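Structure record follows, encoded as structure tokens.
Values quoted throughout were computed directly from the atomic coordinates according to the rules given, and no laboratory measurement underlies them. No experiment lies behind these values; they were computed from the predicted model shown. Here the Cβ positions follow ideal geometry from the backbone for every residue, glycine too, while neighbour counts run over all protein chains shown.
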Amino acid sequence: MAKSYDHLFKLLLIGDSGVGKTCLIVRFSEDSFNSTYISTIGIDFKIRTTEIEGKKIKLQVWDTAGQERFKTITTAYYRGAMGIILVYDITDERSFENIQNWMKSIKENAAAGVDRMLLGNKCDMENKRKVPKERGEKLAKEHGIRFFETSAKSSLNVDGAFNTLARDILLKISRRTAPGMKDPVDLKSTPKKGSSKCSVV
């Protein structure tokens, strides 16, 4: 039986408990939102197939528990991840400060050079904002990664963030598998490197 996709990418969402990781994944995979999710216990995943640069990409998006007591379970899932999305809640200063700890966790547990992305979630709750957008942008710049502000509730930038990360991984694979060859996908897409800026809210 022929495969129904060209590539399978494993993505991992990490961040403190309550920042909206499950809501983001459900919005991306099922286009729905429920404000009454209970905390994820251990680990769970959803799948969505998307088309990028003419390729069918199957995204296996893993949802990790943010609580300390599940850390030993979740770190085991870092190893096979091709992309890791760090999530904080713009209404929760502590969840933003803890991103540095999650970065450390990636360094200790994930493969070297894994693609990373920073998301400031719940940007629909502007009246409760504690973390200015500029701080998120600065932190992402320090680590050399992309940054989006998202809202799982309104779906703002959710598809854009996941698809951008998938595209970055695809380009990396294209470069690796075609040494000495001019890859039209790569050439066409390099200008998009900074495109996340205009879609950040």
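Scanning residues 5 or more positions from ASP115 or on other chains, those with amide H under 5 Å from its amide H are ILE84, with H placed 1.01 Å from N in the peptide plane. Couplings for region 20-35, taken from phi via the Karplus curve 6.51 cos²θ - 1.76 cosθ + 1.60 with θ = phi - 60°, read x, 4, 4, 4, 5, 5, 5, 4, 5, 7, 10, 6, 9, 9, 9, 7 Hz in order; Gly and Pro are left as x.
In this structure, the amide hydrogen of VAL131, modeled 1.01 Å from its nitrogen in the peptide plane, lies closer than 5 angstrom to those of ASP92, counting only residues at least 5 positions away or on a different chain.
For region 86-187, what's the relative contact order in percent, using C-alpha pairs closer than 8 Å and at least 6 residues apart?
For region 86-187, the relative contact order is 25 percent.
Modelled label positions at GLN60 and SER4, each set 7 Å beyond Cα in the direction of Cβ, lie 1.6 nm from each other. Extension gain, ILE47 to SER35, is 2.2 nm, computed as 0.36 nm per intervening residue step minus the present C-alpha separation. Using the Cβ-Cβ distance between GLU97 and LYS172 with R0 = 25 Å, the FRET efficiency computed as 1/(1 + (r/R0)^6) comes to roughly 0.25.
Residue by residue, region 78-92 carries 3J(HN,Hα) couplings of 5, 4, x, 6, 9, x, 10, 9, 8, 10, 10, 9, 5, 9, 10 Hz when phi is fed to the Karplus relation 6.51 cos²θ - 1.76 cosθ + 1.60 (θ = phi - 60°); x denotes Gly or Pro.
Cross-link check: pairs LYS58/LYS172; LYS46/LYS128; LYS107/LYS130; LYS46/LYS138; LYS46/LYS130 evaluated at a Cα-Cα cut-off of 25 Å; pairs beyond the cut-off: LYS46/LYS128; LYS107/LYS130; LYS46/LYS138; LYS46/LYS130. Going from the residue with the fewest nearby Cβ atoms within 10 Å to the one with the most, VAL61, VAL87, VAL114 rank VAL114, VAL61, VAL87.
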